[in-house]
Amino acid sequence: MSEVVTLERQDNIAVITVNSPPVNALSAAVRGGILECMKSAIADAQVQGIVLTCAGRTFIAGADITEFGKPPKPPGLAEVLVLMDDSPKPIVAAIHGTALGGGLEVALACHYRVATKDAKLGLPEVKLGLLPGAGGTQRLPRAVGPELAVKMIVGGDPIGAEAALKAGLIEEIVEGPAAGGVAFCRKLVAEKRPLRRLRDDDSKIAAAKADRSIFTNAVAALTKKARGLEAPFAAADAVGAAIDLPFDEGLKKEREGFLKLLTSDQSKAQRYAFFAEREANKIEGVPEGTKSRPVARVAILGAGTMGGGIAMSFANAGIPVTLIETAEEQLKRGMGIMQKNWEATAARGGIPADAPAKRMALINGVVGIENIGDADLVIEAVFETMAVKKDVFGKLDQYAKPGAVLASNTSYLNIDEIAKATKRPQDVLGMHFFSPANVMKLCEIVRADKTAPDALVTAVSIARKIAKVPAVVGVCDGFVGNRMLAQRGKQSEKLLFEGALPQQVDAVVTKFGMPMGPFAMGDLAGLDIGWRSRKDRGIKSEIADALCEAGRFGQKTGKGYYKYEQGSRSALPDPEVETLIDETLARLGLKKRVVSDEEILERMMYPMINEGAKILAEGIAARPSDIDVVWLYGYGWPIYRGGPMFWADTVGLKHIADRLAFYAKETNDPSLEPAPLLKKLADEGKTFASLAAASKAA
Ligand code: HSC
Ligand code: NAD
């Protein structure tokens, strides 16, 4: 008998239970176990109905992703599903937790489905660069109709049990999955209900067969956001086959599409990103079993751009917040922005109509740090100057409760120095959120010299609780993300002095897949910030300074590196900027040359990778994949390119090191010399991934 799948009989009902922690993925052992148990149950004359359920936290969460890319092991999932579909006895899937991917496909091959109230059902394969490969694209449209099927398959987001019931994907919402499944199955048997085989039921796709625009419109709405991705389009084609072809031919099409994507570079990158995100939860150098401190209430200092967004993230997760400002006016402004943001989301249907009021009720806005109360975690998001930060952290000694974790949201400042302002440096760390903080998923967790392991674990686990993706980093100027970004910024600016235009540079970067180029990003953030900081430090940047002197601060003034029409955020190339650049170059006696797109791409990306190598060598990031997580979730790095360090491996480190050395010489810029670690790996013919493998083996 299988170790991971068991069969027991409750009178005339067979109950097959999958028990393969953590998520009951469809490994070869699980597939084999289900096959054997199904065969026994079907052959058992005493059995009149079969329930398939799972132990642990969830129903089957999909194929075992770790098996992809390795030689297939029998039995194949298709073989298992054919047996189930053909079963002369009714099979009921009893779902709890998350029935995802292959998990939902198993349930769809059952004749009936029931689920608990909090269950989620979905086909998220596109998020791994795949399409459902075990009948999902053929059965789901037959279960719920093509529109919802397209939404779930091409969009990849799951639906809850209520929606599943409404759509006809499940028959009933039950209390406990196994008991509910058995009760439902008994009813089926008693009523002698016919088997419902989705493959034989075209009723819900009939309308789309007659009018294909029902399907194509649904696809168009979803693929609009799929820039650069292959899987959503292939997944849509497979759903199209469900409408156009008989079931078995549709299955064949689906399988071809799945196998093609399985070996694609995009899917490899997306599967890598899935595991990179999970790997980032494992903190290096923390004793095993270190527990998070409890966090029931959070205090946030500063209700500005970041403080407000961070407060929203906590309230979204149902965690109460004390939001502290220095004066009523700032507080009112901050609270007002949060309310407006939530109301706008509710108006779009993104959250229920009563959510804004409920979430605002979780935020207690007060003036004065002395009102910090019994917060278990304090996040400081005040002005970015060391003096202000030190003043605030000094006061925290007096007002924060003992053992509270004290976090700074600083973008660049030294957390070790901030920690010195308190008598409890062991509680101090960085929680660097990204703007807009209620939307962006990344949270760099900055481990300072004296940060206690349990404080670090607390920050990582609370970040996950509020649906952020944490990545632990060390103290340095700009941490991982902004430190690498600074290298790109330096090169983008230099390119303007050599003959490139902002729109040319930005176009190369967005074509690569980033959501924005460096100049559009500068316009969005406001060019005056850097200008002021340069003036303070006595630094010049001739083109950027000239723009600011002309009052071009970016989007907020309607002009920056681009021009913006009233009320519009779309960046339009501006001949005035071209003239300003030409004049600056002439004044400095610099000659323009034609800069190729290839050079732009190399000078945008390779210096960042070089900096990434330095970050790894210094131990600021523990793993190349942590750097990739920072870029995927903080800066919109295209997921189908895995992250800068993953991408670098695909380009080849030798090529990157050679090109950097070339540009260092050509542009007389020693900062472009390949970093020692990059050079070493390149010389040895190795990859960044080899570092992760070596550290795992150690
Ligand atoms: C698929 O199903 C393809 C099908 O169409 C079948 C095709 C067959 C075709 C054959 C014919 C050619 N596999 O996320 P967590 C691990 S594609 C292996 O921290 P949570 C995870 O790495 C799949 N491992 O937990 C982690 O391990 P660690 C479609 C998996 O509670 C641990 O489980 N399904 C795994 O926050 C805990 O994970 C999906 O895309 C998997 N499928 O979230 C679902 N799933 O502890 C992917 C998880 O060692 N999974 N692990 O780090 C998820 O979305 C989330 O994990 C859950 C749980 C929501 C399930
Ligand atoms: P902001 O100017 O929008 O907000 C700062 C707020 O802090 C103001 O409302 C101010 O009144 C308040 N404040 C000042 N001193 C205070 C005190 N002692 N107690 C309570 N409130 C106080 O600034 P921001 O953009 O939200 O940035 C805040 C922090 O977050 C900075 O350290 C910044 O570097 C960092 N950060 C900013 C971004 C971004 O894109 N804006 C991104 C990541 C991190």
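Couple of notes before you dig in:
- Yes/no for LYS166 being charged (D, E, K, R) and farther than 30 Å from GLN48 by Cβ: no
- Taking the numbered list (1) in contact with an Asp or Glu (Cβ under 9 Å, 6 or more places away or on another chain); (2) more than 15 Å from ligand 2 (Cβ to nearest atom); (3) open to solvent by 30 Å² or more (accessible area, probe 1.4 Å); (4) outside any helix (DSSP H, G or I) in turn, ALA467 passes all entries but (1).
- Being part of a helix (DSSP H, G or I) and either at pLDDT 95 or above or within 16 Å of ligand 1 (Cβ to nearest atom) (or both) is a property that does not hold for LYS209.
- Candidates are the residues of the stretch 614-623 that are within 23 Å of the chain's Cα centre (by Cα) and part of a helix (DSSP H, G or I); the one that is farthest from THR687 (Cα to Cα) is ILE615.
- Hits in the stretch 504-529 - residues which are out of contact with any Ser or Thr (no Cβ under 8 Å at 6 or more places or on another chain) and either in the same structural domain as LEU229 (by TED's automatic domain parsing) or closer than 23 Å to ASN409 by Cβ (or both): PRO515, MET521, GLY522, LEU524, ALA525, GLY526, LEU527, ASP528, ILE529
- Filter pass, ALA689 being open to solvent by 10 Å² or more (accessible area, probe 1.4 Å), among the aliphatic types (A, V, I, L, M) and free of Cβ contacts under 8 Å to residues at least 12 places away in the same chain: no
- Residue count for the stretch 1-29 under the criterion of being of a type in the set (A, V, I, L, M, F, W, C), modelled with pLDDT of 95 or more and assigned to a loop (DSSP other than H, G, I, E, B): the result is 3.
- Members of the stretch 604-659 that are polar (S, T, N, Q) and more than 22 Å from LYS511 (Cα to Cα): SER625
- Test: residue in the stretch 219-236 that is open to solvent by 50 Å² or more (accessible area, probe 1.4 Å), within 15 Å of ligand 1 (Cβ to nearest atom) and part of a helix (DSSP H, G or I): no
- Screening the candidates VAL126, VAL92 for the property of being more than 27 Å from the chain's Cα centre (by Cα), aliphatic (A, V, I, L, M), crowded, with 24+ Cβ neighbours inside 10 Å and not in a loop (DSSP other than H, G, I, E, B) yields one hit, VAL92.
- If only residues of the stretch 414-435 that are modelled with pLDDT of 95 or more and near ligand 2 (Cβ under 8 Å from one of its atoms) are counted, the one that is nearest to GLY636 (Cα to Cα) is PHE434.
- Of the residues making up the stretch 372-427, just one is touching a residue at least 60 places away in the same chain (Cβ under 8 Å), open to solvent by 70 Å² or more (accessible area, probe 1.4 Å) and of a type in the set (D, E, K, R), namely ASP374.
The values are calculated or read from the model by the stated rules, or taken from the named source; none is laboratory data. Because the structure is predicted, anything quoted here is derived from the model rather than measured. Neighbour counts are summed over all protein chains in view; Cβ atoms, including those assigned to glycine, are modelled from backbone coordinates with ideal geometry. In case anyone asks, the SASA skips ligands and DNA or RNA and just uses the protein heavy atoms, side chains included. Shrake-Rupley method; radii C 1.70, N 1.55, O 1.52, S 1.80 Å.
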